[in-house]
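Beneath this line is the structure, given in structure tokens, with notes to follow.
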Amino acid sequence: MVERIKRLISDLQDFYLLAFNGLMGIFRRPFYLKDTIEQMDYAGAGSLLIVLIVSLFIGMALSLQLSAELASLGLKMYTGKIVGIAVIREVGPVTVALVYCGRVGAGMASELGSMVIGHQIDSLRVFGVDPIKKLVTPRILSSLIILPALTTIGDAIALLGGYYVAVFVSNQSGYVYWSSIRDILDFENVFSGSVKPFIFGFIIATVSCYMGLTTKGGAKGLRRSTTNAVVLSIILIIISDFMLTRILLYVLGFTL
Amino acid sequence: MIVFEDVYFSYGTRSVLKGLTFKVKESERVAILGGSGEGKTTILKLIVGLLKPDSGRILIDGEDITLKEEDELMDIRKKFSIVFQDGALFDSLNVKENVAFCLREYTKMSEEEIEQKVRELLRIVGIEEAIYYMPDELSGGMHRRVAIARSLAVTKPKMFLYDEATTGLDPINAENICQLINELSKDGTGHIIVTHKLVDALRVAERFIFLKDGRIVFDGNIVELKESQYPDLVIFKKELQYVI
Ligand SMILES: Nc1ncnc2c1ncn2[C@@H]1O[C@H](COP(=O)(O)OP(=O)(O)OP(=O)(O)O)[C@@H](O)[C@H]1O
Ligand SMILES: [Mg+2]
């Protein structure tokens, strides 16, 4: 038992070191620009389509649910406002992060894991290349850039999906929908929505890289680290989303 | 000069090396023999500082590498050229980029110079035609050759380390690799080759170290090897008896 606690603490320490050094690598030479761009391409261009599809349908479903409920209360004109707030502050960042985690995070963990198993990480170290800087920093940096970008696009598409349902299915006024969206695009909402993807991106990249780099023992080990990367990222995203929401509401002066 | 002084090493709770002591001079041609899982690869990793011993000292040219941090180990690692068991090529890069890896990392060569240097290195190992292949398109033998070419890319090493360079290869490829290893050590550069094939060890080494249960149970030249009656070593030697 004591052994396990000790192991947990030393694992946590390793994780913090990786996260810290990976992040600091952004400011320290050497810079691996090419690797970063390659990662951005993989993470960004590769995830765009799935983010579009997922966001579109989530926006539509949300709008559908709310229109139905609000219509029975005679408050249909609030659909845009509620959909907008939900998407921008909460649903958008979280769904896009989950999609990103399933696609990119899993990819990072399995790629780095197979590099560990194939002694490629050892090769890097023998050649005097710091694996953290060469592999982890580009992945963190690209996630810090790409996830917020994807979230913005996802938000827009979700709102568009919401608009489609509100106007063409629930027969609401398009003008009311958009003007209520415009109203909620104030500093508070946009700020709370745009802080999250940075944090989520950092979590996904560091957790996935850590799991990949600590892979042990063949194909089974690879499976374990990939699964762990996704599961742990998802849990951390959901928990940190709640905490962030709490903090942001407090900082931005909302009363509950 | 590589010196191991009473080195103990374990992976977690599984102890692998139990008190290893030996010295290898730079110009020596050594084979480390032993069954699978006896810790041969582990020894090579300890030499280049990829792993740290639990206790004991490892001196490279008089410097204790067990006390060094990762960034201080760089100068030590430059003294060696190591080829890992499975080649350890970067599988996302083609052969050219694999061999060029260190050139790109450490030199400011132009694209043409790199191409030229890569071709030159691939010619040494005899597979220039594979320059644009991806690692997964290479056969086992080609894989090893590319790995050797890559390890030659930077500076002239003081010593070569090969992990199972010939294992799993057909006799012709194994012979070629052995020739290549001897060729590279012609000018007096030594090497340590780790293997469980005595046949190949005899081709490239003049000193033999036999590992069993985490300890060295035999260390000597060919004459002593012939005479040794150590049970496991006798089994290894049996392999050689079957002459047509
Ligand atoms: N990363 C690791 N984690 C835990 N145990 C390991 C690890 N790497 C190796 N081992 C164990 O350490 C022992 C020695 O491994 P090593 O790779 O040095 O053997 P080897 O002599 O090179 O074997 P082979 O001839 O099969 O390559 C083995 O029993 C192996 O199971
Ligand atoms: Mg081995």
Problem set entry | Residue match in the stretch B:92-100 (condition: within 13 Å of chain A (Cβ to nearest Cβ), open to solvent by 10 Å² or more (accessible area, probe 1.4 Å), at pLDDT 90 or above and part of a loop (DSSP other than H, G, I, E, B)) | yes
For this session: Determine, yes or no, whether B:L211 is more than 22 Å from B:A88 (Cα to Cα), within 16 Å of ligand 1 (Cβ to nearest atom) and touching a Lys or Arg at 6+ places or on another chain (Cβ under 8 Å).
Result: yes
Exercise. Looking only at the stretch B:69-92, which residues are in contact with a Gly (Cβ under 7 Å, 6 or more places away or on another chain) and among the basic types (K, R)?
Worked result: B:R77
Problem set entry | Counted residues, the stretch A:162-193 - those being within 21 Å of the chain's Cα centre (by Cα) and open to solvent by less than 50 Å² (accessible area, probe 1.4 Å) | 3
Exercise. When you look at B:G35, is it within 13 Å of ligand 1 (Cβ to nearest atom) and away from every other protein chain (no Cβ under 14 Å), yes or no?
Worked result: yes
Exercise. Here is a list of conditions, (1) open to solvent by 10 Å² or more (accessible area, probe 1.4 Å); (2) within 16 Å of ligand 2 (Cβ to nearest atom); (3) closer than 30 Å to B:V146 by Cβ, and B:R14 meets all of them except one; can you say which number that is?
Worked result: (3)
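Quick grid of which residues meet (1) more than 14 Å from chain B (Cβ to nearest Cβ); (2) more than 15 Å from B:S92 (Cβ to Cβ); (3) open to solvent by less than 30 Å² (accessible area, probe 1.4 Å):
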| site | (1), (2), (3) |
| --- | --- |
| A:V126 | no, yes, yes |
| A:L135 | no, no, yes |
| A:I140 | yes, yes, yes |
| A:P148 | yes, yes, yes |
| A:T151 | yes, yes, yes |
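Restricting to the stretch B:37-54, give me the number of residues that are more than 16 Å from ligand 2 (Cβ to nearest atom), open to solvent by less than 50 Å² (accessible area, probe 1.4 Å) and within 24 Å of B:D213 (Cβ to Cβ).
So the answer is 1.
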Seminar exercise, completed: The condition from (1) within 14 Å of chain A (Cβ to nearest Cβ); (2) crowded, with 23+ Cβ neighbours inside 10 Å that B:L20 misses is numbered (1)
Problem set entry | Lone qualifier among B:D163, B:D232, B:D200 - being away from ligand 2 (no atom under 16 Å from the Cβ) and either of a type in the set (D, E) or touching an Asp or Glu at 6+ places or on another chain (Cβ under 6 Å) (or both) | B:D232
Problem set entry | the stretch B:24-36, subset open to solvent by less than 10 Å² (accessible area, probe 1.4 Å) and within 16 Å of ligand 2 (Cβ to nearest atom), residue nearest to B:E206 (Cα to Cα) | B:V30
Seminar exercise, completed: Restricting the stretch B:102-123 to residues that are open to solvent by 20 Å² or more (accessible area, probe 1.4 Å) and in contact with a Phe, Trp or Tyr (Cβ under 9 Å, 6 or more places away or on another chain), the one nearest to the other protein chains (Cβ to nearest Cβ) turns out to be B:E105
Exercise. For B:F210, all conditions in the list (1) open to solvent by 20 Å² or more (accessible area, probe 1.4 Å); (2) touching a residue at least 40 places away in the same chain (Cβ under 8 Å); (3) more than 24 Å from B:G140 (Cβ to Cβ) hold save one; what is the number of the exception?
Worked result: (1)
Exercise. Among the candidates B:M159, B:M134, which residue alone is crowded, with 19+ Cβ neighbours inside 10 Å and either hydrophobic (A, V, I, L, M, F, W, C) or touching a residue at least 12 places away in the same chain (Cβ under 8 Å) (or both)?
Worked result: B:M159
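Can you pull out every residue in the stretch A:105-124 that is of a type in the set (A, V, I, L, M) and within 14 Å of chain B (Cβ to nearest Cβ)?
The answer is A:M108, A:L112, A:M115, A:V116, A:I117, A:I121, A:L124.
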Exercise. For B:D86, are the conditions met, namely being within 14 Å of another protein chain (Cβ to nearest Cβ), at pLDDT below 85 and part of a loop (DSSP other than H, G, I, E, B)?
Worked result: yes
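Per-residue answers, yes or no, for (1) of a type in the set (D, E); (2) part of a strand (DSSP E or B):
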site: B:L20; (1), (2): no, yes
site: B:E26; (1), (2): yes, no
site: B:I32; (1), (2): no, yes
site: B:L46; (1), (2): no, no
site: B:D75; (1), (2): yes, no
site: B:S81; (1), (2): no, yes
site: B:E105; (1), (2): yes, no
Problem set entry | Cross-chain or 6+ apart pairs with Cβ under 8 Å, the stretch B:174-198 first and more than 17 Å from B:A149 (Cα to Cα) and open to solvent by less than 10 Å² (accessible area, probe 1.4 Å), then assigned to a helix (DSSP H, G or I) and away from ligand 1 (no atom under 16 Å from the Cβ) | B:L198/B:K237
For this session: Would you please name the residue that is farthest from ligand 2 (Cβ to nearest atom), looking only at residues in the stretch B:61-80 that are more than 9 Å from chain A (Cβ to nearest Cβ) and in contact with a strand residue (DSSP E or B) (Cβ under 6 Å, 6 or more places away or on another chain)?
Result: B:D64
Problem set entry | From the options A:G218, A:G201, residue that is within 16 Å of ligand 2 (Cβ to nearest atom) and small (G, A, S) | A:G218
Exercise. Only one residue in B:L73, B:L103, B:L51, B:L20 is without any contact (Cβ under 8 Å) to a residue 60 or more places away in the chain and within 15 Å of ligand 1 (Cβ to nearest atom), so which one is that?
Worked result: B:L51
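The values are calculated or read from the model by the stated rules, or taken from the named source; none is laboratory data. Only a predicted model underlies this, so the values are computations on that prediction, with no experimental measurement involved. Here the Cβ is made from the backbone with ideal geometry for all residues, glycine too, and neighbour counts use every protein chain on show. Surface accessibility is based on the protein's heavy atoms, side chains included, excluding ligands, DNA and RNA. Shrake-Rupley method; radii C 1.70, N 1.55, O 1.52, S 1.80 Å.
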